[in-house]
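Comments concern the structure below.
The values are calculated or read from the model by the stated rules, or taken from the named source; none is laboratory data. Since the structure is predicted, the reported quantities are computational estimates derived from the model, not experimental observations. Here the Cβ positions follow ideal geometry from the backbone for every residue, glycine too, while neighbour counts run over all protein chains shown.
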Amino acid sequence: MTAPDVAVVGGGIVGCALAALLAEGGAAVRLYEREAIAAAASGRNSGVLQHPLDEALVPVYEASLELYRTLDHGFALPAEPAGVLLLSEDGAGLEAGRAEVAARFPELAPEWLEGAALAAAEPGLGPGLFGCRQATGRPVPPAAAAHAWARRAQEAGAQLRVGTGVDALERAGGDRVTGVVAGGHAEPAGDVVVAAGPWTPALVAPDGSWRPIAPSWGVNVEVRLAEPPRHVLEQAGVEAIARPEGGVDSIFSIVTAGGVSAVGSTFLPGEPDAPAHAPRLLERGARYLPALGRVEGFAARACPRPQSRDGRPLLGRVAAGLHVASGHGPWGISLGPGSAQLVADALLGRRSGAIPPELAAARFTA
């Protein structure tokens, strides 16, 4: 085989978007995926494009939205956000959070809701709650984006090796990465980008010397409700537990796309028994949305999200010929295409300093 300019490892949202953008920029690209497109978090997490509430990540999120608007290939971006409705029994605490968001991110126009106004906005809620609506949150079927990017990559000329896993990286003198080992064979490449989610560190440093990304396991419970929520619903504080210092392993959220509502959210260090975990999520969710206490059937799935030490993705060069695009935690759908654009620009030499220092993978190389 002719060696590609870039080998991409991982067929999730980031890897597929990167393959497409590199190929459209003129690079010869080969993508390797061990199982299937969107086999992990990109297809098993809840699907919602949502503001990340982090100043360093807002430009990446905005770039992702612009890329989604041109994606096509079977992907339909909701024209307007459904709205994220934060819920709490603690009115004073929620109002303090609303004021902080209003000061830091005025584009979210956080709106206070209680009593009749809250019931009118979301009729199915339980009693005694306060709400804050943020102008963000576009629900999408979770795997749809990755599959659309994969089709776009193929259309641009990228080669997708689905069903072929990468066992190791091929290295030359001085630890320069010169390709991958796939199916027991060395396959050279000009550069290698590892976008393999929580499995990224094991490829980058098999000796365990580089571990800034770890799996954070999520359980999603899929249900069909007669009257699903109009908004993306989240228990106040859900954004905090996605951070390494969160200290809480489960909190209520629900996202509805295509008539299916996905109930979460969990952030667990080890792989859970999803069907066994599901009743606890539904019971907790029924406090906020009583209909969840009356569902007669559900489907449950688990997935490992790639959580970085500081809650921000790792993008770009880590060694000669070796780059990463991973560590997005629960923000893969929201930040994946924008992250891929930064890495593609850097590899194609289109923009000097394309990757900001606070997102550069090199911040964890020491």
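In summary, strands (runs of 3 or more DSSP E) completely within the range 251-353 and bearing 2 or more residues that are in contact (Cβ under 8 Å) with a residue 12 or more places away in the chain and surrounded by fewer than 24 Cβ atoms within 10 Å (Cβ to Cβ) occur at 260-266, 299-308, 314-319. Evaluate the range 198-219: report whether one residue or more is over 19 Å from the mean Cα position of the chain (by Cα) and of a type in the set (Phe, Trp, Tyr). Yes, some residue in the range 198-219 is over 19 Å from the mean Cα position of the chain (by Cα) and of a type in the set (Phe, Trp, Tyr). Of the strands (runs of 3 or more DSSP E) contained entirely in the range 180-230, those carrying at least 1 residues that are farther than 30 Å from residue 159 by Cβ and in contact with a Leu (Cβ under 6 Å, 6 or more places away or on another chain) fall at 213-223. The set of residues in the range 38-54 being crowded, with 21+ Cβ neighbours inside 10 Å, in contact with a strand residue (DSSP E or B) (Cβ under 8 Å, 6 or more places away or on another chain) and in a loop (DSSP other than H, G, I, E, B) consists of 40, 45, 46, 47, 50, 51.
Report whether or not residue 152 is at pLDDT 95 or above and farther than 30 Å from residue 203 by Cα. When the stated conditions are applied, residue 152 does not pass them.
So that you can scan it fast, the table gives a plain yes or no per residue for (1) surrounded by 15 or more Cβ atoms within 10 Å (Cβ to Cβ); (2) not assigned by TED's automatic domain parsing to the domain that holds residue 337:
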{"site": "89", "(1), (2)": "yes, yes"}
{"site": "120", "(1), (2)": "no, yes"}
{"site": "128", "(1), (2)": "no, yes"}
{"site": "146", "(1), (2)": "yes, no"}
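For the condition farther than 30 Å from residue 254 by Cβ, of a type in the set (Lys, Arg) and out of contact with any Pro (no Cβ under 9 Å at 6 or more places or on another chain), what is the one hit in 301, 350? Selected residue: 350, the only one of 301, 350 that is farther than 30 Å from residue 254 by Cβ, of a type in the set (Lys, Arg) and out of contact with any Pro (no Cβ under 9 Å at 6 or more places or on another chain).
Have a look at 271, 245, 239, 187 and point out the one that is modelled with pLDDT of 95 or more and among the acidic types (Asp, Glu). Can you show your working first?
Details: 271 fails: modelled with pLDDT of 95 or more; 245 fails: modelled with pLDDT of 95 or more; 239 fails: modelled with pLDDT of 95 or more.
Residue meeting the stated conditions: 187.
Scanning the range 357-366 for residues that are out of contact with any Leu (no Cβ under 8 Å at 6 or more places or on another chain) and assigned to a loop (DSSP other than H, G, I, E, B) gives 357, 358, 365, 366.
Here is a yes/no grid of residues against (1) at pLDDT below 95; (2) outside any loop (DSSP other than H, G, I, E, B):
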site: 11; (1), (2): no, no
site: 56; (1), (2): no, no
site: 59; (1), (2): no, yes
site: 66; (1), (2): no, yes
site: 79; (1), (2): yes, no
site: 86; (1), (2): no, yes
site: 100; (1), (2): no, yes
